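Enquirer: Right, I'll just put the structure down here and ask away after.
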Amino acid sequence: MLKKMINNARIDIEIHPKDPMLIKSGLAAVGGVDMAFVRTYREDGKEEPFIPGSSIKGMFRSYAEKICRSLQLQDKPVPVCLPYLDPKDEKDGEKRQASCGLRFEKDKKKETIPSTDLYNLSCPACRLFGSNVFIGRFATSDAYITDEFRQNGQPVFEIRDGVAIDRLTGGAARGAKYNLEVLTRGEFSTTLEIRNFERWQLGLIGLVLRDMEQGLVRAGFGKSRGLGSFNAKIINFQLAYYNQSPKELSGLSRLVSEKEASDYGFFEETDEKGPLLPDLQKEGLRSIYNLTDTWKETLKPAVNDLVKYIETVKWPKNIEDFIAGRN
Ligand SMILES: [Zn+2]
């Protein structure tokens, strides 16, 4: 990927659960609970629930994939891959949706594929979130209990009967008994970062954030069982540009050379004009823009780019032709 830093978006969010939530720990649970909430140790040695960054990234990715699928035009192939689907395991309904990363992995001389091609030929979701063959643009830290919540209270857990939950949905007919530990009170905060973004990528993240704000996204275990809904609060939304101070929201295609833009296949931004960026603050080489109060308005042209990009994306034909041409 591009070695130099061009631009960067940094978004601080809080996650306020509305329903009981279970982010499962991979470790065997103590105290006889079959499924326990994941915990970490604080500096003072006390245990506390947290949400691993990998879980948050997975939640953003799968919701973003859903948005891209919803923008798919009729008669066009699905515009994003299924990240764990091996090319040889495609079943009905999964045709041409094998993972970009696994397709490249299968290539006998995969080391010789230029990094520009790995990016250029990947589906929109892999371009943003990465795959087996390259790290994505989107990163997030672990989400910890907010200081404010900690000052006013304690996280609260309850033990629920998993069988009772499954009976509502008709599962577990044989009554295999298990229980799970859900969080019923707690608030978390985390920071998202999108480094060297194309403008449509900010649009896609903006749509995910909007739906999270409205409580339409669920996290963790038991999404179909009524667990895991939450409201996101956007605390801080900041853009940084390095060595450049654009007046309008701009992504890589407008900020790099023509050659770089064409090698990586950056989507050319539409002419849609959004509001001008707010006054900037200089910090060394960086120009910083604070969009906390205006991000929805400012991201409109980015959403427009996303729609156009998904309508015209060449995936999966581009990656199929490339792989076929090498074998
Ligand atoms: Zn992909």
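Enquirer: Over the stretch 46-153, what per residue volume does the convex hull of the Cα atoms give, in whole Å³?
Expert: 162 Å³
Enquirer: So what is the calculated 222 nm ellipticity per residue for the chain, using -39500 (n - 2.57) for each DSSP H run with n of 4 or more, over all residues, to the nearest 500 deg cm²/dmol?
Expert: -8500 deg cm²/dmol
Enquirer: Sort S257, S99, S115 so that the residue with the fewest other Cβ atoms within 10 Å of its own Cβ comes first and the one with the most comes last.
Expert: With the fewest neighbours first, S257, S99, S115 line up as S257, S115, S99.
Enquirer: Once you have the Kirkwood Rh of the chain from its Cα pairs, apply Stokes-Einstein at 10 °C and 1.306 mPa s and quote D in µm²/s.
Expert: 73 µm²/s
Enquirer: Can I ask one more? Can you compute the label reach from D147? Point 7 Å from Cα along the Cβ direction, backbone N cut-off under 17 Å, restricted to the stretch 184-199.
Expert: 187-191
Enquirer: Between K76 and E48, what is the label-to-label distance in nm when each label sits 7 Å out along the Cα-to-Cβ direction?
Expert: Inter-label distance under the simple model: 4.5 nm.
Enquirer: Relative to the first principal axis of the alpha-carbon coordinates of the chain, what is the inclination of helix 317-326, with its axis defined by its Cα atoms, in degrees from 0 to 90 and to the nearest 10?
Expert: Tilt of helix 317-326: around 70 degrees.
Enquirer: Could you check the simple spin-label distance between E272 and R39, using points 7 Å along Cα→Cβ, in nm with one decimal?
Expert: Those two pseudo-labels are separated by 4.7 nm.
Enquirer: With N set to the number of residues, divide the alpha-carbon radius of gyration of the stretch 187-308 by 2.2 N^0.38 Å and report two decimals.
Expert: This ratio for the stretch 187-308 stands at 1.19.
Enquirer: Continuing with this model, one more query. Relative contact order (percent) for the chain, with alpha-carbon contacts under 8 angstrom and 6 or more residues of separation?
Expert: Here the relative contact order equals 28 percent.
Enquirer: Roughly what would the spin-label model give for E283 and E213, points 7 Å off Cα along C-beta, in nm?
Expert: Label-label distance for E283 and E213, simple model: 2.3 nm.
Enquirer: When a/c is below 1.5 the answer is rounded, else prolate if a/b is larger than b/c, else oblate, so apply that to the stretch 281-327 with a ≥ b ≥ c taken from the square roots of the Cα gyration tensor eigenvalues.
Expert: oblate
Enquirer: For the chain, find the longest principal axis of its Cα atoms and tell me its angle to the long axis of helix 199-213, 0 to 90°, nearest 10.
Expert: The angle comes out at about 20 degrees.
Enquirer: So the label point goes 7 Å from the Cα of D107 along Cα→C-beta, right? Which residues of the stretch 249-269 then have their backbone N under 16 Å from it?
Expert: Label zone hits: 263-265.
Enquirer: With a cap of 11 neighbouring Cβ atoms within 10 Å, and only residues DSSP puts in a loop, list the trypsin sites (Lys or Arg not before Pro) found in the stretch 53-125.
Expert: When the trypsin sites (Lys or Arg not before Pro) of the stretch 53-125 are filtered for loop state and at most 11 Cβ neighbours within 10 Å, K91, K95, K108, K109 remain.
Enquirer: Which GluC sites (Glu not before Pro) does the stretch 4-104 hold that lie in a coil by DSSP with at most 15 other beta carbons within 10 Å?
Expert: The qualifying sites are E43, E90, E94.
Enquirer: Treat every Asp and Glu Cβ in the chain as -1 and every Lys and Arg Cβ as +1, leave all other atoms uncharged, and give the resulting dipole magnitude about the Cα centre to the nearest 20 debye.
Expert: 640 debye
Enquirer: For the stretch 224-327, which trypsin sites (Lys or Arg not before Pro) are both in a DSSP coil and crowded by at most 15 other Cβ atoms within 10 Å?
Expert: K247, K273, K314
Enquirer: Tilt of helix 300-312 relative to the longest C-alpha principal axis of the chain, in degrees (0 to 90, nearest 10)?
Expert: Helix 300-312 sits at roughly 80 degrees to that axis.
Enquirer: Give the calculated FRET efficiency between S115 and D161 to the nearest 0.05, with a Förster radius of 45 Å applied to their Cβ-Cβ distance.
Expert: The pair S115/D161 has a calculated efficiency of 0.35.
Just so you know, all these numbers are worked out from the coordinates, no wet-lab data involved. Predicted, not measured: the structure shown is a model, and the values here were computed from it. Every residue, glycine among them, receives a Cβ derived from its backbone with ideal geometry; neighbour counts consider all protein chains shown.
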